[in-house]
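Here the structure is laid out as structure tokens; the discussion comes afterwards.
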4 protein chains.
Amino acid sequence: MIITLKKTAPEEEVQKLIKRFENMDLQVTMIYGANYNVFGLVGDTSKVDEKNISANPIVTNVQRVAQPYKLANRMFHPEDTIVDVDGIKIGGKNIVLIAGPCSVEGEDQIVRIAKEVKEAGANMLRGGAYKPRTSPYAFQGLGTEGVLDLVKARDLTGLPIVSELMSVDKLDEFVKNVDIIQIGARNMQNFDLLKAVGRTKKPVLLKRGLCNTIEEWIMAAEYIMAEGNPNVIFCERGIRTFETYTRNTLDLAVIPIIKERTHLPIIIDPSHAAGDYKLIESLSLAAIAAGADGLIIEVHDEPENAWSDGAQSLKPSKFNDLVAKGKAIAHVIGRSLG
Amino acid sequence: MIITLKKTAPEEEVQKLIKRFENMDLQVTMIYGANYNVFGLVGDTSKVDEKNISANPIVTNVQRVAQPYKLANRMFHPEDTIVDVDGIKIGGKNIVLIAGPCSVEGEDQIVRIAKEVKEAGANMLRGGAYKPRTSPYAFQGLGTEGVLDLVKARDLTGLPIVSELMSVDKLDEFVKNVDIIQIGARNMQNFDLLKAVGRTKKPVLLKRGLCNTIEEWIMAAEYIMAEGNPNVIFCERGIRTFETYTRNTLDLAVIPIIKERTHLPIIIDPSHAAGDYKLIESLSLAAIAAGADGLIIEVHDEPENAWSDGAQSLKPSKFNDLVAKGKAIAHVIGRSLG
Amino acid sequence: MIITLKKTAPEEEVQKLIKRFENMDLQVTMIYGANYNVFGLVGDTSKVDEKNISANPIVTNVQRVAQPYKLANRMFHPEDTIVDVDGIKIGGKNIVLIAGPCSVEGEDQIVRIAKEVKEAGANMLRGGAYKPRTSPYAFQGLGTEGVLDLVKARDLTGLPIVSELMSVDKLDEFVKNVDIIQIGARNMQNFDLLKAVGRTKKPVLLKRGLCNTIEEWIMAAEYIMAEGNPNVIFCERGIRTFETYTRNTLDLAVIPIIKERTHLPIIIDPSHAAGDYKLIESLSLAAIAAGADGLIIEVHDEPENAWSDGAQSLKPSKFNDLVAKGKAIAHVIGRSLG
Amino acid sequence: MIITLKKTAPEEEVQKLIKRFENMDLQVTMIYGANYNVFGLVGDTSKVDEKNISANPIVTNVQRVAQPYKLANRMFHPEDTIVDVDGIKIGGKNIVLIAGPCSVEGEDQIVRIAKEVKEAGANMLRGGAYKPRTSPYAFQGLGTEGVLDLVKARDLTGLPIVSELMSVDKLDEFVKNVDIIQIGARNMQNFDLLKAVGRTKKPVLLKRGLCNTIEEWIMAAEYIMAEGNPNVIFCERGIRTFETYTRNTLDLAVIPIIKERTHLPIIIDPSHAAGDYKLIESLSLAAIAAGADGLIIEVHDEPENAWSDGAQSLKPSKFNDLVAKGKAIAHVIGRSLG
């Protein structure tokens, strides 16, 4: 940790600060500059709170050198983590393909779509039973009934299921029934929910918050891992920017960054990022080329009658086309899709 | 609701869409332009999902005319709502002054600071017992002990207490003990939590999410009100932008906007917006001048030893200065502070 | 154009507004809703200024239906525009590959790097002679000498050259010497500069501004085209967001959007978006997969001694690897690279 | 400057880097940590390019300690700079009040409005003769005629005039005729234009770019000052964020920040930030309370017929009200307005 001090700081105050750090078993190296002096702190600085150090009027800046995350940090875990979901590996050579409707609308609908996406090459099924909606007057999901419909679809197709958990009180239902628990963008810093899924061993799909930095996102994974669950899969779904043409801005640079900084797999959700079915194919192929470990795509057989997110849902025929092109790109980079 | 259609849309598809709207008891007016045709829909469009309409390939754009919120909407409730907290009115002539430390650190600390802020003119006490922290390794709050320490401080000073609720399972504890339940920025779209506080009658301080639009924020209030609780107080605490000099960017334009669009009071939190004690006074005075109904400010007697947020906490003496200036400005705009 | 009026608007004011539009040869259709009335305007609304209409106190909202751009609009020009640069076509089947150093540092350097990028497969050379630098104390480019060095490199390698024009008074120098005039991100709305290059026939590489919307970007192209120059090539180079891990956030969704909305080619600059050489390969391959018409990449043989932008420059060997992978991906989507 | 190195960096590479810095007359202090080593560089690091240092594969991070600006830096110039404009002082006890229409629309209009704003208390007149417009089809300003109309208005009212310069070739016209040269937000990093106004002695009103950081803004001032012109006045006019309710988000925290970091005055433009006349009064009063050295406000006697920016223009009567309230607030903080 690097602390910049005013040149005018009274020596007494500087000594007090040095003593404080020495009491924390940190070694202090002082660098004297023309306009500022600088402390370099060596040792376990994870307990030092930058904001409190900044509160000291003699301090002008505090900068961490080491990353604040440990369990997710590739530095201490150089090999890739591969998450196993009922035999399907996320994070290896294969690129996982998750598809399905935004919302489960009933058993018929989810089974029908599950069969279609399976035939097109998907190896997992997505579907929302509990839906975070901006408006209290919008459809809020079928709840438990929706979860059971997903289970039916899995029974009939063999596709593992991914669904979003919105509150701790449904955790048991999810542990019992779903294969991957999704934490949505709006809950990325719902720390009680993160700790709760951390106490299970279920794979967790951790979506990036709409305006969360990469470091905050990794720290959210760290919350889950610190409770004992190592099965975290990152999912980029677009961030909020000034551009309103798309629903969000898909940040594909996170793929090489997450892979450099952590050992965890990362998949891409082009549907929520784009908010427009016409953009999904381009963004999906881009994600594969950039090195993503998977895609999660909204597919609906009647988007114009979907109960939610119709505008960004692909029809099965378009999804088919996308998969064919995606397979070809995966192949030339030495991987396979779906 | 205004729907723009491609000029090339097949008449059959257009008729299908017209029929669909007529079945929803909506009247359709068609406007024929050179390059586009436009539908104007009249009637209760609150059930029409824009995203599904957009999914129709003949549609190029969907635009709402009416606001999606009703209970919070000033159009249907022209008088200001004044929230009563143990006799202190939020939303009237008086500007409420809430102050206290970021975290409760123990009974002595919270009682000591409560007395100091009361003497300086505060009329409510803030303090976090459950703390949302980016790192799982950072101090997470004293929990129930912290809540009880706040109660002690209230008993001794008479100041009503405001504290943040992070999960539904602590709701009873908060209903029993605190006077205003704070919903933090990270939980602004934790819809289960919003519904839960909506089922109580406790005043709710609803912070704006780091990257939530004003409309999303009002919709979050609507979630609480739709469950039966009309006592919502908005709190702006800065939004996330590209500027990193400050922790967040305080958006004071929300004060006249919230007052035009809704009938609910709005207070300002300059501490979290700035992240730097040196900026608090300027932003607080600005908020008063702009018409805020209150301020919530972090005050700590030893910021450099605070367990959290030291960098943005004011010492009591500086808080005193701020209050004196704030009172003078409040006075010239016909209000009073604290 | 759709104009929303307050239901309470006095009839007299409404009639005044109707007359005003009729005087502009616009037809007005009125839609009566419960809480708002709506005008639909049909005719040439390009002269109507939304902001002035909004200034009328009876108006609550103004919304355009038609795009404000004409010459760039695919609706009026359905075929792809292919820009010809000395025989190299931008916008067709081939994906153009532009590479070279951030700054021209002298004849030896630019000739040496030109030969290396040519050998690796590049078909154009980039290099800055006039450099927009945040600091007045940083290297500002070699100026005319740099332009002449580029010309030497072209003479020796046959690669057409791309360089950034920063002010109108160097226009003649650029028209005479360079093959594509680059308008940098910071000058995307330097309208005098846009008009000036619009009065030439030189191909213009129009970078997106750091915080400009897609519509503003297209309008900047419209400025150039309105002066008579149809040879505009869009170049996405990342937008500014809250995320600071990367220099900017690359927005690849613009590829399908620009292609849907306009008939102009679009290329991608991963170097400025990422600001980090380690991310360039992933983003370049993603851009190809997403349908980009070209790439512009910074290559330097000694990045750690580069006079500018070393951190984001690829060494020739890494550029070689990237090109090999890029060719494979281009091939499977039916295109060729370089 | 602080440079973080990989622990695994080969000693030979580390020594090469040390030698490089020593050759630049910098002293290097090495701090050995568990996972990283750190260099502290002491001496004149203004010539060290962070980006090139980052290009070295053994380096993981580079951080400046000292600010990159010198002439604008309060550290080297502790007293406030007061800019004198024909006897009106900007930066002292008085808060300057600049008002007028967005565009000059003719002599009658500008003279009429000049008289009205003068009577209301303004002490300078604003008006655009050259207008940066998003669309090439929108009104581009009256040009030289507009400048001469402003001169007439000054002759008749005595109000000094502020107008925007968009290109270097009009510099002489502006030096001769206007009292403050405005550099607009879109040109904040048009470095040739900054250098050109830096070679005059005219006061320069430097607007913050739509997405420029505070540091970039100060560096733009440094460009002007480095050419010899010390008369720079900062002007905040809102930044671009995800929020679209307002045209931009006004960032009032810049007032105390600019005053802490630099010795230059800062004024606020609420009109462009808000984009909506209904918000101007709140934001103006907030700016005064926060310590601004001036306001620049758009006033038009017929906003609904204004040739540009009608929606954000105040009518003279509303401007009058605002000035009365502003004077009262200025008074209680020991300043005077207008």
Working only within region C:199-226, note down all residues that are buried (at least 22 other Cβ atoms within 10 Å of the Cβ) and either among the small types (Gly, Ala, Ser) or not assigned by TED's automatic domain parsing to the domain that holds C:Arg240 (or both). C:Gly209, C:Ala220, C:Ala221
Would you call B:Leu337 farther than 24 Å from B:Val232 by Cβ and not β-branched (Val, Ile, Thr)? no
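Test of understanding: among D:Leu97, D:Leu148, D:Leu193, which residue is of a type in the set (A, V, I, L, M) and open to solvent by 50 Å² or more (accessible area, probe 1.4 Å)? Please lay out each step first, then the result.
Working: D:Leu97 fails: open to solvent by 50 Å² or more (accessible area, probe 1.4 Å); D:Leu193 fails: open to solvent by 50 Å² or more (accessible area, probe 1.4 Å).
Step by step, each of D:Leu97, D:Leu148, D:Leu193 is checked, and only D:Leu148 is of a type in the set (A, V, I, L, M) and open to solvent by 50 Å² or more (accessible area, probe 1.4 Å).
Based on what the data block shows, is A:Thr81 among the polar types (S, T, N, Q) and open to solvent by 40 Å² or more (accessible area, probe 1.4 Å)?
Numbers: among the polar types (S, T, N, Q): yes; open to solvent by 40 Å² or more (accessible area, probe 1.4 Å): no.
The answer is no for A:Thr81.
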The listed residue being in a helix (DSSP H, G or I), under 27 Å from A:Leu41 (Cβ atoms) and of a type in the set (Val, Ile, Thr), out of D:Ile3, D:Ile18: D:Ile18
Among the numbered criteria (1) under 23 Å from A:Ile82 (Cα atoms); (2) in contact with a Ser or Thr (Cβ under 8 Å, 6 or more places away or on another chain); (3) of a type outside the set (Gly, Ala, Ser), which one does A:Met225 miss? (2)
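Checking the conditions here, which among A:Arg154, A:Arg133 is modelled with pLDDT under 95 and either of a type outside the set (Ser, Thr, Tyr) or out of contact with any helix residue (DSSP H, G or I) (no Cβ under 9 Å at 6 or more places or on another chain) (or both)?
Numbers: A:Arg154 fails: modelled with pLDDT under 95.
Sole residue among the options that is modelled with pLDDT under 95 and either of a type outside the set (Ser, Thr, Tyr) or out of contact with any helix residue (DSSP H, G or I) (no Cβ under 9 Å at 6 or more places or on another chain) (or both): A:Arg133.
Can you tell which of A:Val38, A:Val42, A:Val28 is buried (at least 21 other Cβ atoms within 10 Å of the Cβ) and not small (Gly, Ala, Ser)? Working first, answer last.
Working: A:Val42 fails: buried (at least 21 other Cβ atoms within 10 Å of the Cβ); A:Val28 fails: buried (at least 21 other Cβ atoms within 10 Å of the Cβ).
Step by step, each of A:Val38, A:Val42, A:Val28 is checked, and only A:Val38 is buried (at least 21 other Cβ atoms within 10 Å of the Cβ) and not small (Gly, Ala, Ser).
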Can you name every residue in region C:31-60 that is over 18 Å from D:Gly310 (Cβ atoms), part of a strand (DSSP E or B) and in contact (Cβ under 8 Å) with a residue 12 or more places away in the chain? C:Tyr36, C:Asn37, C:Val38, C:Gly40, C:Val42
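Kindly state which helices (runs of 4 or more DSSP H) lie completely within region D:231-338 and contain at least 2 residues that are open to solvent by 30 Å² or more (accessible area, probe 1.4 Å) and within 14 Å of chain C (Cβ to nearest Cβ). Write out each step before concluding.
Working: elements: D:254-261, D:270-274, D:277-290, D:316-332.
Of the helices (runs of 4 or more DSSP H) lying wholly inside region D:231-338, those with at least 2 residues that are open to solvent by 30 Å² or more (accessible area, probe 1.4 Å) and within 14 Å of chain C (Cβ to nearest Cβ) span D:277-290, D:316-332.
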Report, by residue number, each residue of region D:221-237 that is touching a strand residue (DSSP E or B) at 6+ places or on another chain (Cβ under 6 Å) and of a type outside the set (D, E, K, R). D:Ala221, D:Ile224, D:Asn231, D:Val232, D:Ile233, D:Phe234, D:Cys235
Determine which member of the set A:Pro256, A:Pro230, A:Pro303 is free of Cβ contacts under 8 Å to residues at least 40 places away in the same chain and over 29 Å from A:Gln109 (Cβ atoms). A:Pro256
Cβ-Cβ under 6 Å, sequence separation 6+ or interchain: first residue in region C:1-15 and within 14 Å of chain B (Cβ to nearest Cβ), partner assigned to a helix (DSSP H, G or I) and open to solvent by less than 50 Å² (accessible area, probe 1.4 Å). Which pairs? C:Met1/C:Thr45
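Among the residues that make up region C:196-214, is at least one of them of a type outside the set (S, T, N, Q) and touching a Pro at 6+ places or on another chain (Cβ under 8 Å)? If you could, list the steps in order and put the result at the bottom.
Initially, region C:196-214 is screened for residues of a type outside the set (S, T, N, Q), giving C:196-199, C:201-211, C:214.
Filter once more, so that each one left must be touching a Pro at 6+ places or on another chain (Cβ under 8 Å): none.
Among the residues of region C:196-214, not one is of a type outside the set (S, T, N, Q) and touching a Pro at 6+ places or on another chain (Cβ under 8 Å), which makes the answer no.
Can A:Lys278 be described as in the same structural domain as A:Cys235 (by TED's automatic domain parsing) and either among the β-branched types (Val, Ile, Thr) or within 21 Å of C:Ile288 (Cβ to Cβ) (or both)?
Answer is yes for this residue.
Is it fair to say C:Glu12 is open to solvent by 20 Å² or more (accessible area, probe 1.4 Å) and either touching a Pro at 6+ places or on another chain (Cβ under 6 Å) or at pLDDT 85 or above (or both)?
yes
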Determine whether region C:62-75 contains at least one residue that is touching a helix residue (DSSP H, G or I) at 6+ places or on another chain (Cβ under 8 Å), under 30 Å from C:Gln15 (Cβ atoms), within 13 Å of chain D (Cβ to nearest Cβ) and open to solvent by less than 30 Å² (accessible area, probe 1.4 Å). yes
In region A:49-75, the residues that are over 27 Å from the mean Cα position of the chain (by Cα) and modelled with pLDDT under 85: A:Asn52
Name the single residue, out of those in region B:240-259 being at pLDDT 95 or above and of a type in the set (S, T, N, Q), that is nearest to D:Glu260 (Cα to Cα). B:Thr246
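May I ask you to verify whether A:Ser282 is under 17 Å from C:Val254 (Cβ atoms) and over 20 Å from the mean Cα position of the chain (by Cα)?
Considered against the rule, which asks whether it is under 17 Å from C:Val254 (Cβ atoms) and over 20 Å from the mean Cα position of the chain (by Cα), A:Ser282 comes out as yes.
The values are calculated or read from the model by the stated rules, or taken from the named source; none is laboratory data. Because the structure is predicted, anything quoted here is derived from the model rather than measured. Here Cβ is always computed from backbone atoms with ideal geometry, including for glycine, and neighbour counts include all displayed protein chains. Surface accessibility is based on the protein's heavy atoms, side chains included, excluding ligands, DNA and RNA. Shrake-Rupley method; radii C 1.70, N 1.55, O 1.52, S 1.80 Å.
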